[in-house]
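All remarks here apply to the structure that follows.
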Amino acid sequence: MDSLLNLADPQLVLLVAAIAVVVLLSQLFFRILSVGLVPLIGLGVIFAGLQYLFGITPKQLWFEVSHLPQMAMKFFNSLA
């Protein structure tokens with residue numbers, strides 16, 4: 001076993017390990033990006049459409065989204 005350790009140059013082993021880590025991390029990054037990119041583009045299209053077609057700003061939309069649970073409770077209480 002010692003002969004194997006003596007044959008391998010530590011700098012070369014470190015370089016190969018660093019390259020392997022970079023390759024694996026880049027693959028992980030691109031998988032996450034490809035999965036998350038489609039919904040982000042969709043949200044951007046929705047925000048742009050609301051802004052330009054109806055004049056609804058992202059701030060107004062966020063206000064409505066943040067008050068959605070209260071509006072739902074009012075709606076369901078009015079049905080009962």
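Values quoted throughout were computed directly from the atomic coordinates according to the rules given, and no laboratory measurement underlies them. Here the structure is a predicted model, which means the values were calculated and not measured. No Cβ is skipped: glycine too gets one built from the backbone with ideal geometry, and neighbour counts run over all protein chains shown.
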Would you check if residue 38 is in a helix (DSSP H, G or I), exposed (fewer than 10 other Cβ atoms within 10 Å of the Cβ) and β-branched (Val, Ile, Thr)? yes
If we keep only residues of segment 41-80 that are among the hydroxyl-bearing types (Ser, Thr, Tyr) and part of a helix (DSSP H, G or I), then the residue surrounded by the fewest Cβ atoms within 10 Å (Cβ to Cβ) is 78
